[in-house]
Amino acid sequence: MAIRTILTQGDPVLNKTCHPVTKFDHKLAVLLDDLKETLTQANGVGLAAPQVGILRRAVVVVDGTGEMLELVNPEIIAQKGEQDGLEGCLSVPGMWGYVKRPQWVRVKAQDRNGSWFETEGEGLTARCFCHELAHLDGHLYTELTDHLYTTEELDQMMEEQEAARQEERE
């Protein structure tokens, strides 16, 4: 296993459509292991193969229970509801934006051995599924937000919201 370099916005690889995985071999297992190790080191909740320069349809996502899911050739097969929340991305460091996503998502994917399975998630997990699968088609969340906030702007906004809540309680 190895920690791979995460590409950042502006790298043309991030805007390309990934190819389906057709070989479920040692090379794929190494990629999935490296994605998991890289994600853990970066303290993120999801990472897609193109973010480390590999144009294959493979992602890892941390679900609501903290389990790291490996999704090969994933596709969203159902979704419900809507949520609007902040997103960031390891490929867009230090920036955040509000994005509308489904509240609940069901995904069909293959595991590292090629067996098909389905999984689902709501809230943050649903958001993460949508975010990571968009990477596989060359899209970043920045395309879906009206405004990008720096970490400093976000901290300032959160402080102002907390101060307003304090005033309401008094």
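May I ask you to say which residue of 17, 22, 38 is among the hydroxyl-bearing types (Ser, Thr, Tyr), modelled with pLDDT of 95 or more and open to solvent by less than 30 Å² (accessible area, probe 1.4 Å)?
The unique qualifying residue is 38.
So if I check each of 55, 90, which one is surrounded by fewer than 23 Cβ atoms within 10 Å (Cβ to Cβ) and touching a Gly at 6+ places or on another chain (Cβ under 7 Å)?
On the way: 55 fails: touching a Gly at 6+ places or on another chain (Cβ under 7 Å).
Matching residue, one of 55, 90: 90.
Find the residue count for the range 130-157, including only residues that are in a loop (DSSP other than H, G, I, E, B) and under 18 Å from the mean Cα position of the chain (by Cα).
The first filter runs over the range 130-157 and keeps only residues in a loop (DSSP other than H, G, I, E, B), leaving 136-140, 144-148.
Keeping just the survivors that are under 18 Å from the mean Cα position of the chain (by Cα) gives 136-140, 144-145, 148.
Number satisfying all stated conditions: 8.
Name the single residue that is nearest to residue 20 (Cα to Cα) among those in the range 33-80 being part of a loop (DSSP other than H, G, I, E, B) and β-branched (Val, Ile, Thr). Full working, then the answer.
Our first condition is that a residue be part of a loop (DSSP other than H, G, I, E, B); within the range 33-80, this holds for 43-45, 53-55, 57, 63-67.
When the remaining residues are screened for being β-branched (Val, Ile, Thr), the result is 45, 54, 65.
Working: 45: 23, 54: 11, 65: 28 Å.
Looking at residues that are part of a loop (DSSP other than H, G, I, E, B) and β-branched (Val, Ile, Thr), I get 54.
Yes or no, residue by residue, for (1) at pLDDT 95 or above; (2) closer than 27 Å to residue 26 by Cα; (3) among the polar types (S, T, N, Q):
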site: 94; (1), (2), (3): no, no, no
site: 113; (1), (2), (3): yes, yes, yes
site: 126; (1), (2), (3): yes, no, no
site: 158; (1), (2), (3): no, no, no
site: 164; (1), (2), (3): no, no, no
site: 170; (1), (2), (3): no, no, no
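Pairs are defined by a Cβ separation below 7 Å, a sequence spacing of at least 6 or placement on different chains, a first member in the range 1-13 that is under 14 Å from residue 49 (Cβ atoms), and a second member that is surrounded by 13 or more Cβ atoms within 10 Å (Cβ to Cβ) and hydroxyl-bearing (Ser, Thr, Tyr); the pairs so defined are 4/38; 6/38; 6/91; 7/91.
The values are calculated or read from the model by the stated rules, or taken from the named source; none is laboratory data. Given the structure is predicted, the values throughout are model-derived calculations rather than measurements. When we count neighbours, we look across all protein chains shown, and the Cβ atoms used for this are built from the backbone with ideal geometry, even at glycine. Only protein heavy atoms, including side chains, enter the accessible area calculation; ligands, DNA and RNA are left aside. Shrake-Rupley method; radii C 1.70, N 1.55, O 1.52, S 1.80 Å.
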